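Q: Following this message is one structure expressed as structure tokens.
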Amino acid sequence: MRLSQRVKNLPPYLFVEISRKIAEKRARGEEVISFAIGDPDIPTPPHIIERLCEAARDPANHRYPESDSLPELRQAVADWYERRFGISFDPDKEVLPLIGSKEGIAHIAFCFIDRGDIALVPDPGYPVYSVSTMLANGEVYYLPLREEADFLPNLKAVPSHILSRAKLLWLNYPNNPTAAVADLDFFNRVVEFARQHDLIVCHDGPYTEVAYDGYRPVSFMQAEGAREVGVEFHSLSKSYNMTGWRIGMAVGNATAIDALKRLKSNLDSGIPQAIQLAAIAALTGPQDCIEEHNAIYQRRRDLIVEVLNSIGLKARPPKASLYIWARVPEGYSSVDFTTDLLDQVGVAVTPGIGYGKHGEGYVRLSLTIPDATLVKGLSRLSGWRSSRRQIIK
Ligand SMILES: *Cc1c(COP(=O)(O)O)cnc(C)c1O
């Protein structure tokens, strides 16, 4: 059997060693408390599940769905964007539901990238942006996200020989893994940059509804002229705790949406219709769950940040997203620290290097840890001691 070069080139799983350690500990009967997984622990709200169950019983929903989804779903997405961000989209031309946003994020590379084309990709970042570029035979140029610059890329620093081959710019705010946010001013500059260099902007925004202290994240699509240069990926996964149901959407530039629709109609057969109907219930039904969940995450955020700072990490409470991006103590790499934490106190976090070279020096902790486990996790974390400092002393 001879695998394709494409598959052979897929990056190796970065946490092999750490995952092996976790598995070993668990096999020995030791409990490992994990802050490593970004997947809401709170169930999908009951009214959404009710709609899903009801829809699942209706034979009309047992057949192949339309590949561009129910018109009612596209309308519900357009209405949601109108209510939430004050932007109106044509539900037939500017909205495309997806089998989870990751699906669309991965596939859009095939709409814009030919061999040798470049995608500009944030580092650290969600790995799908770079892997999909490579699967489409494109090349990745990484945009460092630095703490001094509030984890926003310095677009002016991209060399002109790169820009002449670049076709696509990936952005993601509120950001995973850094939890940084962007304002409209930044997005307006992005549109200007995209116009100048003829780039499509793909903004990944699944965390716009997960925010704290009254902060309301903006949408890239609110920027002046955004619709001429870009699309935004959004998802029901994080807003409504629906990661397991796989439903998201792309909105924005009609040419890009049409390209993605045409590509997808050759690859998949749409989103199971019962899930589309549940998504309509989520988008059009009561929205109280969002605030309720955010209040829970915010309380966890404050508890975790306090403990991290007390043991020598540097963490600031994020305004949005499900993550805390913390600087590891002096003398540790992100993997050293992660390994030491696991060995000493049986707590798992994600080493920043897994999200790219510029993630080195940081670890990511997720707020999606059930409260009972969190209490135990915090008490273990507070018992961690830097062995490095002790050796130096
Ligand atoms: C969770 C997440 C997604 C994808 O979510 P789906 O469940 O596929 O909709 C996309 N981008 C980022 C940055 C994420 O963290």
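Q: Residue check: is Leu263 touching a helix residue (DSSP H, G or I) at 6+ places or on another chain (Cβ under 6 Å) and within 22 Å of Trp245 (Cβ to Cβ)? Can you show your working first?
A: Numbers: touching a helix residue (DSSP H, G or I) at 6+ places or on another chain (Cβ under 6 Å): yes; within 22 Å of Trp245 (Cβ to Cβ): no.
In short, no.
Q: Something else now. Among all residue pairs at least 6 apart or on different chains, which show Cβ distances below 7 Å where the first residue, located in the range 105-132, is in the same structural domain as Leu322 (by TED's automatic domain parsing) and more than 12 Å from the ligand (Cβ to nearest atom) and the second is β-branched (Val, Ile, Thr) and assigned to a helix (DSSP H, G or I)?
A: none
Q: Here's another thing I want to ask about it. Looking at (1) surrounded by fewer than 20 Cβ atoms within 10 Å (Cβ to Cβ); (2) more than 22 Å from Ser239 (Cα to Cα), can you tell me which one Asp288 breaks?
A: (2)
Q: Within the range 313-368, take every residue that is among the acidic types (Asp, Glu) and more than 21 Å from Pro144 (Cβ to Cβ) and give me the one that is nearest to the chain's Cα centre (by Cα).
A: Per the criteria, the residue is Asp336.
Q: Only one residue in Ala320, Ala274, Ala279 is buried (at least 23 other Cβ atoms within 10 Å of the Cβ), aliphatic (A, V, I, L, M) and in the same structural domain as Arg51 (by TED's automatic domain parsing), so which one is that?
A: Ala279
Q: List the residue pairs whose Cβ atoms are under 7 Å apart, where the first residue sits in the range 183-212 and is not assigned by TED's automatic domain parsing to the domain that holds Pro153 and at pLDDT below 95, the second is assigned to a helix (DSSP H, G or I) and of a type in the set (A, V, I, L, M), and the two are 6 or more positions apart or on different chains.
A: Note: no pairs meet the criteria.
Q: What residue, of Glu54, Glu66, Glu50, is closer than 17 Å to Ile280 by Cβ, in the same structural domain as Pro174 (by TED's automatic domain parsing), over 23 Å from the mean Cα position of the chain (by Cα) and at pLDDT below 95?
A: None of the other options fit; the residue is Glu66.
Q: Here's a follow-up. Could you tell me whether the range 98-120 includes any residue that is surrounded by 16 or more Cβ atoms within 10 Å (Cβ to Cβ), closer than 24 Å to Gly285 by Cα and of a type in the set (A, V, I, L, M, F, W, C)?
A: Checking the range 98-120: at least one residue is surrounded by 16 or more Cβ atoms within 10 Å (Cβ to Cβ), closer than 24 Å to Gly285 by Cα and of a type in the set (A, V, I, L, M, F, W, C).
Q: Given the conditions (1) more than 16 Å from the ligand (Cβ to nearest atom); (2) out of contact with any Lys or Arg (no Cβ under 6 Å at 6 or more places or on another chain); (3) in contact (Cβ under 8 Å) with a residue 40 or more places away in the chain, report the number of the one that Asp68 does not fulfil.
A: With respect to (1) more than 16 Å from the ligand (Cβ to nearest atom); (2) out of contact with any Lys or Arg (no Cβ under 6 Å at 6 or more places or on another chain); (3) in contact (Cβ under 8 Å) with a residue 40 or more places away in the chain, Asp68 is out only on (2).
Q: Output yes when any residue across the range 335-351 is touching a residue at least 24 places away in the same chain (Cβ under 8 Å), over 21 Å from Lys25 (Cβ atoms), surrounded by fewer than 21 Cβ atoms within 10 Å (Cβ to Cβ) and not assigned by TED's automatic domain parsing to the domain that holds Trp80, and no when none is.
A: No, the conditions are met nowhere in the range 335-351.
The values are calculated or read from the model by the stated rules, or taken from the named source; none is laboratory data. As the structure is a computational prediction, the values presented were derived from the model and not from experiment. All Cβ positions, even for glycine, are placed from backbone atoms using ideal geometry, and neighbour counts span all protein chains on display.
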